[in-house]
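Worksheet for the structure shown next.
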Amino acid sequence: MPVQTSIQLFTVKTALEADLDGTLAEVAARGFTAVEPYDFVRRADALAAALTAHGLAAPTGHAFLASTSFVNPDGSGTTVPVPAPDVVFEAAKTLGMTTVIDPYTEPARWQSIEQIEQTARLLNAAAEIGAGHGIRVGYHNHAHELEATFDGKTGLEVLADLLDERVVLEVDLYWVARAGVDSPTLLRTLGDRVIAVHVKDGTLDPEAVAAYPPADQVPAGHGVVPLEEALAAASALEVAIVEFDHYPGDLYDAIEQSRLFVDAQLAEKAVR
């Protein structure tokens, strides 16, 4: 089955919150046929209708499964409780999703093996519930899971060893690079558990990456993240997802440039 090119809708968050239908129409006009929704439970029906109207699929989506409350993208916590796993998976089915991916756990939970074991238990429990709905569970990394090391292994590798075989991984290639880890090597180590990657590029300029959101991100193929090598190293890839945390220029042009880059890399991978 060919690898799908998708886009994480958090990329167009501001536009999406203002005009769901119009934003998805523009995403489709830029050549995307798949998207990765975030915070989708509260608007599953409206989102499903808009996706259908614009010929878009949602094979994956982001929802918290190992945290009790929403965590903001800057890492700050909120008191808003997250929906129960059963509710998440019912919404996922409404959207035609096959995989729900936990997008974030806070850095404070990656300071010991015991903490990682607890995260693994929560993800494994969610995977058991998800299996009853026909939905897979996955986990998405940022930099801190790779900056934490235990006897020479990154925290993400420690987590992978503790996960039920049904739990998959979505590796964010930009955050791997931000952590100073070689993504092709990491992907080969994690092997077939990695079914999705976030294809996100940046200059990694020290001053720009110190900002939040990061100020160094550029269209895929224009920065220094080894995206081509990483995509080639992903042995069980199902979805390659374009994402920007922030981009000051023409965002729709940037996502289209990134899609063209990803499509070209996947076409090359298919004939290897």
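The values are calculated or read from the model by the stated rules, or taken from the named source; none is laboratory data. Keep in mind it's a predicted model, so treat the numbers as computed, not measured. Here the Cβ is made from the backbone with ideal geometry for all residues, glycine too, and neighbour counts use every protein chain on show. Each accessible area value is taken on the protein alone, full model and side chains, heavy atoms only, with ligands, DNA and RNA left out. Shrake-Rupley method; radii C 1.70, N 1.55, O 1.52, S 1.80 Å.
Here are the numbers for this structure:
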quantity: Hits in segment 217-272 (condition: charged (D, E, K, R), modelled with pLDDT of 95 or more and part of a helix (DSSP H, G or I)); calculated: 228, 229, 253, 256, 259, 263
quantity: Unmet requirement for residue 86, which otherwise passes all of (1) touching a Ser or Thr at 6+ places or on another chain (Cβ under 9 Å); (2) open to solvent by 70 Å² or more (accessible area, probe 1.4 Å); (3) farther than 24 Å from residue 241 by Cβ; (4) at pLDDT 95 or above; calculated: (1)
quantity: Among the candidates 33, 52, residue that is without any contact (Cβ under 8 Å) to a residue 40 or more places away in the chain, under 19 Å from the mean Cα position of the chain (by Cα), under 24 Å from residue 3 (Cβ atoms) and surrounded by fewer than 21 Cβ atoms within 10 Å (Cβ to Cβ); calculated: 33
quantity: Residue identified as of a type in the set (A, V, I, L, M) and either outside any loop (DSSP other than H, G, I, E, B) or more than 22 Å from residue 198 (Cβ to Cβ) (or both) among 65, 51; calculated: 51
quantity: Filter result for residue 197 (part of a helix (DSSP H, G or I), in contact with a Ser or Thr (Cβ under 9 Å, 6 or more places away or on another chain) and open to solvent by less than 30 Å² (accessible area, probe 1.4 Å)); calculated: no
quantity: Residue within segment 13-29 that is within 22 Å of residue 142 (Cα to Cα) and open to solvent by 50 Å² or more (accessible area, probe 1.4 Å) present; calculated: yes
